[in-house]
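The values are calculated or read from the model by the stated rules, or taken from the named source; none is laboratory data. Everything quoted here is computed from the prediction, not taken from an experiment. Here the Cβ is made from the backbone with ideal geometry for all residues, glycine too, and neighbour counts use every protein chain on show.
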């Protein structure tokens, strides 16, 4: 008769080896949560943000899409006001980010004795400055779009002159080409790079 014969309704007749206890989990020191610094300038800029009809902040990423009415003329006063609001709020957000970066660079500038710490800080600053440079170029494009809006040229393709489209402009308010011309431009660019 085998030694592992089971009795009905009970545990096996043979004893198994005792189970090993799991090693206790290592205790790690918890880091204190980092509090976001608020300055008088940032608090006042938060208070100056425009509010929409629903009470939500208006921003480039948080706006109500334009609801076109049947038979409505393209780039009428309502659409112009809608895109002016988007462009100005986007520019405002970027300018606030520039101010925060400047404040951050001034606050965090320290002369670390450890070369690795200095290198990390320099790398972080370089990355932030590169991002701000890209945003500076974007602000220039936003200013150009606002000027086009004022002159009545906004919303029309620079290449073929047709309407760019409301949804495309909401996705990329600085667009100057319709989707067809942009696609052809990208194909040409891809062929030139080969």
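Consider residue 146 carefully, then state whether it is surrounded by 11 or more Cβ atoms within 10 Å (Cβ to Cβ), within 23 Å of residue 73 (Cα to Cα) and at pLDDT 95 or above. Give the steps one after another, and end with the answer.
On the way: surrounded by 11 or more Cβ atoms within 10 Å (Cβ to Cβ): yes; within 23 Å of residue 73 (Cα to Cα): yes; at pLDDT 95 or above: yes.
Yes: the conditions hold for residue 146.
With respect to residue 128, is the statement that it is within 30 Å of residue 64 (Cβ to Cβ), under 19 Å from the mean Cα position of the chain (by Cα), surrounded by 14 or more Cβ atoms within 10 Å (Cβ to Cβ) and touching a residue at least 12 places away in the same chain (Cβ under 8 Å) true? No. Among the conditions (1) under 23 Å from residue 98 (Cβ atoms); (2) modelled with pLDDT under 95, the only one that residue 140 does not satisfy is (2). Can you tell me which residue is surrounded by the fewest Cβ atoms within 10 Å (Cβ to Cβ) among those in region 149-163 that are touching a strand residue (DSSP E or B) at 6+ places or on another chain (Cβ under 7 Å) and not in a loop (DSSP other than H, G, I, E, B)? Step by step, filter region 149-163, then rank; the result is 163.
Being outside the structural domain of residue 93 (by TED's automatic domain parsing), surrounded by 12 or more Cβ atoms within 10 Å (Cβ to Cβ) and more than 30 Å from residue 69 (Cα to Cα) narrows it down to one residue among 184, 138, 177; which is it? Quick ask: steps written out before the conclusion?
Numbers: 138 fails: outside the structural domain of residue 93 (by TED's automatic domain parsing); 177 fails: more than 30 Å from residue 69 (Cα to Cα).
Going through 184, 138, 177 in turn, just one is outside the structural domain of residue 93 (by TED's automatic domain parsing), surrounded by 12 or more Cβ atoms within 10 Å (Cβ to Cβ) and more than 30 Å from residue 69 (Cα to Cα): 184.
Any idea which residue in region 73-103 is surrounded by the most Cβ atoms within 10 Å (Cβ to Cβ), counting only those that are touching a residue at least 60 places away in the same chain (Cβ under 8 Å) and within 17 Å of the chain's Cα centre (by Cα)? Going through the qualifying residues, I end up with 87. Taking (1) touching a residue at least 40 places away in the same chain (Cβ under 8 Å); (2) over 27 Å from residue 186 (Cα atoms); (3) assigned to a helix (DSSP H, G or I) in turn, residue 106 satisfies each apart from (1). In region 112-119, the count of residues that are free of Cβ contacts under 8 Å to residues at least 60 places away in the same chain, in a loop (DSSP other than H, G, I, E, B), touching a helix residue (DSSP H, G or I) at 6+ places or on another chain (Cβ under 7 Å) and on the phi < 0 side of the Ramachandran plot is one or more.
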